[in-house]
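This report refers to the structure that appears directly beneath it.
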Amino acid sequence: MTNSNYLISTILEDKYVVRIPGEMTHSMISRKNEKLNSLLMSEHGFNVDTTYFNENTGIKITKFLENSISLNHHNINNKNHLEIIAKKLYKLHNSKLKFNNEFNTSSTFNNYLKLLKDPNNFYKFNKNIEEICHFFDKVCCYLDQKYERKSPCHNDLVPENILIRKNTPFFIDWEYSGMNHPLFDISAFFLESNLSQKNQKFFLQVYDEKIDLHKTQKDILYFQFSQDVLWFLWTIIKQENNEFFNNYAANRINRAYKFLKTIKREL
């Protein structure tokens, strides 16, 4: 949703993917951090090969992964896919690799707020937006205090950012990567993949059998609520700059309010 991607072939028939950044991405993303993180992840087998990256323009060229499977909302629920993704994600989160930057939901949200041209665009989507924002502040404070551990995280684990070749998953598009708590990645993966409770439990058992879904469920909802609010604001900024995603913004903030009601009901 952030960029335009083009598949190109050389005269030697090598294939590459060229990424051209979308509007406003220079203000919303640190290309310097993305470059460093992408190259580090390529070096250690978590990302596809990155052959060129211009941190000034954001143009990136990666080697096309031949004979790979692109994941989506339909094939993500394959048990084998979930198993190998869980193992690879655990390996990433428990590696000794370090990013130079952190990804913090509250800080990122506040930075995005400064990019709004018209604050009214933020308030018009949901009549409960003030309640949502107040709860967002409380949730972010709670998560920051409880989850101090920081690991290298992708922070945008939608199915489309995962490729599989020969039973090996690769995570692509590290624009939002940074040191963060692993549960952010896990919660995002569950949310963006629309995994059933059964598949969430299976994923966690493979990832780390010591994690109990029932005991962790509330905090997963906290993370997912905060992610919906953050990416809602992200979408508003994109729309102010003539990039439109149908009902994406409304769906995000309406779901965030549903999370809010669910969490408060269970407290």
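The values are calculated or read from the model by the stated rules, or taken from the named source; none is laboratory data. Everything numeric here is computed off the predicted structure, so don't read it as measured data. Here the Cβ positions follow ideal geometry from the backbone for every residue, glycine too, while neighbour counts run over all protein chains shown.
Points worth noting:
- Number of the condition not met by L233 [criteria: (1) under 20 Å from the mean Cα position of the chain (by Cα); (2) closer than 18 Å to E130 by Cα; (3) surrounded by fewer than 16 Cβ atoms within 10 Å (Cβ to Cβ)]: (3)
- Where W231 falls short, out of the listed (1) without any contact (Cβ under 8 Å) to a residue 60 or more places away in the chain; (2) in a helix (DSSP H, G or I); (3) over 23 Å from K114 (Cβ atoms): (3)
- Selection within the stretch 175-203 - buried (at least 17 other Cβ atoms within 10 Å of the Cβ), more than 10 Å from the chain's Cα centre (by Cα), assigned to a loop (DSSP other than H, G, I, E, B) and in contact (Cβ under 8 Å) with a residue 60 or more places away in the chain: L195
- Of the residues screened, C133 is one that is part of a helix (DSSP H, G or I), surrounded by fewer than 19 Cβ atoms within 10 Å (Cβ to Cβ) and either touching a residue at least 60 places away in the same chain (Cβ under 8 Å) or among the aromatic types (F, W, Y) (or both).
- Filter result for E34 (of a type in the set (D, E, K, R) and at pLDDT below 95): no
- Among the residues making up the stretch 112-156, none is over 30 Å from N37 (Cα atoms), within 23 Å of the chain's Cα centre (by Cα) and of a type in the set (S, T, Y).
- Hey, L65 free of Cβ contacts under 8 Å to residues at least 60 places away in the same chain and in contact with a strand residue (DSSP E or B) (Cβ under 7 Å, 6 or more places away or on another chain) or not: no
- Test result for F223, under 15 Å from L71 (Cβ atoms), surrounded by 20 or more Cβ atoms within 10 Å (Cβ to Cβ) and touching a residue at least 60 places away in the same chain (Cβ under 8 Å): no
Each row is one residue, and each column tells you yes or no for (1) of a type in the set (S, T, N, Q); (2) at pLDDT below 95.
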| site | (1), (2) |
| --- | --- |
| K198 | no, no |
| Y207 | no, no |
| K210 | no, yes |
| Q227 | yes, no |
| F232 | no, no |
| I237 | no, yes |
| N247 | yes, yes |
| N254 | yes, no |
| K261 | no, no |
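- Verdict on N78 being touching a Gly at 6+ places or on another chain (Cβ under 9 Å) and at negative phi: no
- When residues of the stretch 138-174 are limited to those that are assigned to a loop (DSSP other than H, G, I, E, B) and β-branched (V, I, T), the one farthest from N100 (Cα to Cα): V158
- The one condition in (1) within 19 Å of the chain's Cα centre (by Cα); (2) over 29 Å from F202 (Cα atoms); (3) at pLDDT below 95 that H73 fails to fulfil: (2)
- Residues in the stretch 131-167 that are polar (S, T, N, Q) and touching a helix residue (DSSP H, G or I) at 6+ places or on another chain (Cβ under 7 Å) were compared, and the one that is nearest to R31 (Cα to Cα) is N155.
- Here the stretch 26-37 is the region considered, the condition is being within 17 Å of H154 (Cβ to Cβ) and of a type in the set (S, T, N, Q), and the residue that is surrounded by the fewest Cβ atoms within 10 Å (Cβ to Cβ) is S30.
- Residues (among the hydrophobic types (A, V, I, L, M, F, W, C) and within 15 Å of F46 (Cβ to Cβ)) located in the stretch 147-175: C153, L157, I162, L163, I164, F170, F171, I172, W174
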